[in-house]
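The values are calculated or read from the model by the stated rules, or taken from the named source; none is laboratory data. Values in this document were obtained by computation on a predicted structure and should not be read as measured data. A quick note on method: Cβ atoms are made from the backbone with ideal geometry, for glycine too, and the neighbour counts reach across all protein chains shown.
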Amino acid sequence: MKRLLRAIAIGFTLMLSMIFFVAAGSPARYDNVAELTKIEVVNHVKQYAPFTLYGKTIRLFPEAALTQEQGIALYPNAYAYIVAEFEASGVSSDLDQEEFQENVKKFFLIELDDKDLEREILAFVRFMDYYENKADNQRIFAALANPFVTSQTLKELMPASSLSTQPFDSQGGLKKLSNSLVTYGGQLNLQSTPSKSP
């Protein structure tokens, strides 16, 4: 009986030791990465401070702090104009659809006789650049759910620098220009500035 109890005690001790060594050898998992960074909201845009996880510096995109409904309410004339233009080609009016996000970019260079509407459309297009960054950040969070994510994978997903709103492409170049926010006439207005590489 003593031998049996001793064998059970040794087996239990070995099992606990193995669990400890396996747990100590694996990086910690984080289910809510957003808790690891400082988030500041400026002019309806969430700005994330870079943070370190798994020994890697993580940068997130600035993203719109507004919901789809709030964005439409802030730019009602621009949204109505763009949706009317999209109707003929069958493009969705849902801001969360990639098709809408890609097609709205063509309005960045629009010229209209109604300059107030033109300015609102330009501001809406810039808002959409931040709005679509929500999906980019979700892809980064999904990658970070894997504690063994590679630096190359993160580089392809993350913005080029903490000043940028866009990631590197696979050749190491920027995909788009970054934007900074400026308040204009009491309304949110987004002003384009060139992004900087690290």
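In a residue-by-residue description of the range 44-60, the property of being assigned to a helix (DSSP H, G or I), out of contact with any helix residue (DSSP H, G or I) (no Cβ under 7 Å at 6 or more places or on another chain), modelled with pLDDT of 90 or more and under 30 Å from Leu122 (Cα atoms) applies to no position. Looking only at residues of the range 79-124 that are in a helix (DSSP H, G or I) and of a type in the set (Gly, Ala, Ser), we find that the one that is surrounded by the most Cβ atoms within 10 Å (Cβ to Cβ) is Ala123.
Can you find, within the range 136-155, the residue that is farthest from Pro62 (Cα to Cα) among those that are touching a residue at least 24 places away in the same chain (Cβ under 8 Å) and not in a loop (DSSP other than H, G, I, E, B)? Out of the qualifying residues, it is Ser151. So, Ala73, is that one of a type in the set (Gly, Ala, Ser), assigned to a helix (DSSP H, G or I) and without any contact (Cβ under 8 Å) to a residue 60 or more places away in the chain or not? The answer is yes for Ala73.
Kindly indicate whether Lys105 is within 21 Å of the chain's Cα centre (by Cα) and at pLDDT below 90. Against the criterion (within 21 Å of the chain's Cα centre (by Cα) and at pLDDT below 90), Lys105 does not qualify. Scanning the range 125-142 for residues that are over 21 Å from Lys155 (Cα atoms) and either of a type in the set (Lys, Arg) or loosely packed, with under 14 Cβ neighbours inside 10 Å (or both) returns a single hit, Arg126.
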